[in-house]
Structures are given as C-alpha cells and as structure tokens.
Amino acid sequence: MNRSEMFKEINRIKTILNEKKNKKDSEIFASLKKFVALAGKLKEVIVDYDNLHLQEMSNVRKKQTGLPVNIWIDEAETYKKGKYSKHIKFQMDKGLNFKEPTCPMMLDGTIPEKVWRKMQGQCSISKSEIKEIQTFVINNAYALDKLADQLIWKEDFFEFMIKGGDEASKEQIEILQKKTDEAVFNKKTEEALKKEE
C-alpha cells in the first residue's frame with residue numbers, strides 16, 4: 001500500500017468512526033485497530049523516506065567544518081528527488097557519531113518554521129550554536145549551491161570552504177566564489193575530456 005492509498009484508507013476509517021451510530025462496538029474496535037496500524041505504517045514510511053534522503057547526503061564531521069555539530073551536505077541533487085529547496089541538515093546534538101534527529105537549514109540560513117516548531121523540543125544545542133551553523137551556511141552558500149547541483153567535487157568544497165561559524169569578510173566570500181567558479185570550470189573540463197576518450 002503506497003502513501004496516498006494509506007491516506008485514503010485512514011480517511012475512510014475516520015469516516016466509519018465518526019458515523020458510529022448504528023455500528024456494533026466490535027466493528028468500531030476493528031476499524032480503530034486498523035486505523036492505528038495504518039497510522040503506524042504511514043509514520044514508518046515517512047521516517048524511512050527521511051532517512052533515505054539523509055543517506056543520500058554526505059556527512060561531514062564537525063572537526064572538518066569547525067562547527068559544534070556534524071552536518072550533512074547535498075552533493076548529488078538530492079534536493080530535486082525530495083522536492084526540497086537546496087539545504088544542509090544539522091545534527092541536533094553535539095555527539096561525535098552521526099545520528100538522528102537532524103534539522104534542515106536552507107542555504108539562506110533559515111529553518112522552515114513548521115519543521116522548527118516540530119523539532120525544537122528535540123534540539124539540545126544552544127541558539128548561539130544554531131547561529132554558528134547559520135553563519136557557516138550563509139558564508140558557504142555559493143559553493144553549497146554548486147555542490148548540490150554536482151558542478152563541483154566535494155573535495156574541492158572541503159578545500160576552500162569557510163570554516164567555523166564566524167561571519168566571513170567580503171574578501172573571504174569573494175575568494176570562495178572565485179575558487180568555486182574555478183572548480184566548476186575544472187570539473188566541466190575534466191568531464192568533457194572523459195567524454196572524448
């Protein structure tokens with residue numbers, strides 16, 4: 001049963017439960033049991049999809065970025081598969097191991113309001129640490145954008161990304177943009193040469 005079929009069945013069962021007049025208790029109970037089972041399956045499908053999306057992103061240790069948490073970056077147009085805007089995900093605690101829960105942050109440094117309302121209770125990092133992540137994303141947005149579209153290699157990004165959560169100077173941003181543009185040119189050239197072989 002796919003996701004839309006599950007929603008239809010859940011709505012059908014809700015209707016049955018709402019029309020409990022002239023229904024036997026056993027019918028209501030059976031419908032309620034099925035509703036609970038389907039709701040659980042639907043949650044599993046959503047969680048599995050989110051985990052799959054996370055697995056398609058590259059994990060980056062906090063010591064590589066200079067951030068207080070591990071992050072995941074898109075280097076394979078994952079945002080298109082999930083119909084999201086380009087974004088990173090950050091771990092919501094300071095543990096060394098990569099683990100859930102994670103929270104998305106768009107390349108403009110924002111966290112979708114609906115997501116944040118749902119996730120903030122699971123977050124054990126401070127507002128100032130979230131601000132560091134936000135600044136890192138904004139500092140590196142130009143390169144992260146190209147990386148998400150597979151226009152540069154991940155290794156190139158690691159080489160010239162602006163580490164840490166301090167606001168970059170205009171000069172640092174210009175250097176990042178110049179190195180990103182060079183990396184785009186180099187990758188396109190490399191791919192063109194491979195096609196000719």
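For a quick check of your reading: which helices (runs of 4 or more DSSP H) sit entirely within the range 106-197 and have at least 3 residues that are touching a residue at least 40 places away in the same chain (Cβ under 8 Å)? Break it down stepwise before answering.
On the way: elements: 113-119, 127-148, 154-160, 170-196.
The helices (runs of 4 or more DSSP H) meeting that bar are 127-148, 154-160.
Enumerate the pairs (first residue in the range 77-91 and of a type in the set (Asp, Glu); second residue anywhere and in a loop (DSSP other than H, G, I, E, B) and surrounded by fewer than 20 Cβ atoms within 10 Å (Cβ to Cβ)) with beta-carbon separation below 8 Å, excluding pairs fewer than 6 apart on the same chain, so at least 6 apart or on different chains.
As it stands, the answer is 77/149; 77/150, since those pairs meet every condition given.
Hey, could you check the range 121-145 for residues that are over 15 Å from the mean Cα position of the chain (by Cα) and of a type in the set (S, T, N, Q) and say which is farthest from residue 64 (Cα to Cα)?
122
One residue is enough: does the range 84-92 have a residue meeting the conditions more than 11 Å from the chain's Cα centre (by Cα), on the phi > 0 side of the Ramachandran plot and either open to solvent by 30 Å² or more (accessible area, probe 1.4 Å) or not hydroxyl-bearing (Ser, Thr, Tyr) (or both)?
Within the range 84-92, not a single residue is more than 11 Å from the chain's Cα centre (by Cα), on the phi > 0 side of the Ramachandran plot and either open to solvent by 30 Å² or more (accessible area, probe 1.4 Å) or not hydroxyl-bearing (Ser, Thr, Tyr) (or both).
Here is a list of conditions, (1) open to solvent by 20 Å² or more (accessible area, probe 1.4 Å); (2) within 14 Å of the chain's Cα centre (by Cα); (3) aliphatic (A, V, I, L, M), and residue 148 meets all of them except one; can you say which number that is?
Residue 148 satisfies all of (1) open to solvent by 20 Å² or more (accessible area, probe 1.4 Å); (2) within 14 Å of the chain's Cα centre (by Cα); (3) aliphatic (A, V, I, L, M) except (1).
Would you check which residues across the range 169-197 are surrounded by 13 or more Cβ atoms within 10 Å (Cβ to Cβ) and acidic (Asp, Glu) and list them?
The answer is 181, 182.
Which numbered condition in (1) open to solvent by 80 Å² or more (accessible area, probe 1.4 Å); (2) closer than 26 Å to residue 92 by Cβ is the only one that residue 155 fails?
(2)
Quick one: which residue in 111, 88 is among the aliphatic types (A, V, I, L, M), out of contact with any Lys or Arg (no Cβ under 9 Å at 6 or more places or on another chain) and closer than 16 Å to residue 58 by Cβ?
Only one candidate qualifies: 88.
Hey, does the range 97-107 have a residue that's among the β-branched types (Val, Ile, Thr) and open to solvent by less than 80 Å² (accessible area, probe 1.4 Å)?
Yes.
Suppose the filter is of a type outside the set (Phe, Trp, Tyr), open to solvent by 40 Å² or more (accessible area, probe 1.4 Å) and touching a Lys or Arg at 6+ places or on another chain (Cβ under 8 Å); does residue 166 pass it?
No: the conditions fail for residue 166.
Hey, among 111, 28, 13, which residue is modelled with pLDDT of 75 or more and not polar (S, T, N, Q)? Talk me through it step by step, then tell me what you get.
Values: 28 fails: modelled with pLDDT of 75 or more; 13 fails: modelled with pLDDT of 75 or more.
It is 111.
Of the numbered conditions (1) within 22 Å of residue 179 (Cβ to Cβ); (2) under 13 Å from the mean Cα position of the chain (by Cα), residue 100 satisfies every one except a single condition; which is it?
(1)
The values are calculated or read from the model by the stated rules, or taken from the named source; none is laboratory data. Keep in mind that what you see is a predicted model, and the values were worked out from it rather than measured. Positions of Cβ are generated from backbone atoms using ideal geometry, with glycine treated the same way; all protein chains shown enter the neighbour counts. For the accessible areas, the whole protein counts, side chains as well, though only heavy atoms, and no ligand, DNA or RNA atoms are used. Shrake-Rupley method; radii C 1.70, N 1.55, O 1.52, S 1.80 Å.
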